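> My questions will all concern the structure given below.
Nothing in this text is a laboratory measurement; each read-out follows from the coordinates by a stated rule. Nothing here was measured: the structure is a model prediction, and the numbers come from that model. We place every Cβ from the backbone using ideal geometry, glycine too, and count neighbours over all the protein chains shown.
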Amino acid sequence: MANNDFNSLLQSLIELNVSRIKQQQQRQEQQQTQSLTDLDNISNVGNPVVNVNLSSILDKKDRKGKPGNGKVEPKILSTGVLNTAVDQTAAHMEVVNLSSDTKTLRFQIIDWNNTAVPTVLSDQTVTVPPNTLRIFTTNVAPFHYELRVDHPGDPDLIINHFAINAGTFTIPGLTFLQDDLKEITSPLI
């Protein structure tokens, strides 16, 4: 009989702990939802630099396995037209594939010095094996240029851009991580 009482007590404690864990998870989810709602309600008055795009935050959560559509769609990304920095000699791109599958993207470096007829300086299709970093450099000194990327939309394939000097050191001010790139509707040239 004592053994049955002990087993019943143990079962009750387990059920109580499971219930507490579920309640804690629900509170955390409610706090996250409330935080996003609070961000959505913040006004930018007096601080024009702050710009929160909640749809992109939610989209990133969708792609990481949270509830949502989970679709991965190709997109064209751009730095916009950049002016070379003092001592800059090249645009340096680093492409990393953090997934377990081989991924492919295409990018162009476009010379915008002749504003009427942009010229493609570099047009590369890059196949990146799983868990691999690929590095590319294109001379850009001195002119206006753009990095444009035909990206498959996979969040595990990341391209970053850096301005570098002749010694291949990064020049502050012209670093664009993938999240800094603007999605555009124009195709590659």
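> Which residues in segment 164-189 have a backbone N closer than 18 Å to a point placed 7 Å from the Cα of residue 137 along the Cα-to-Cβ line?
Only 164-176 pass the distance filter.
> Sort out for me the Cα centre separation of segment 159-189 from segment 114-150, rounded to whole Å.
If you average the Cα positions of each part, the centres end up 9 Å apart.
> Just flag the trypsin sites (Lys or Arg not before Pro) in segment 69-104 sitting in loop per DSSP whose Cβ has no more than 10 other Cβ atoms within 10 Å.
71
> In addition: Counting other C-beta atoms within 10 Å, which of 106, 148 has the fewest, and how do the rest follow? Write out the running numbers ahead of the final one.
Details: 106 15, 148 23.
Result, fewest neighbours first: 106, 148.
> Taking 7 Å along the Cα-to-C-beta vector as the label spot, tell me the residue 75-residue 4 distance in nanometres, rounded to one decimal.
Rounded to a tenth, the inter-label distance reads 6.3 nm.
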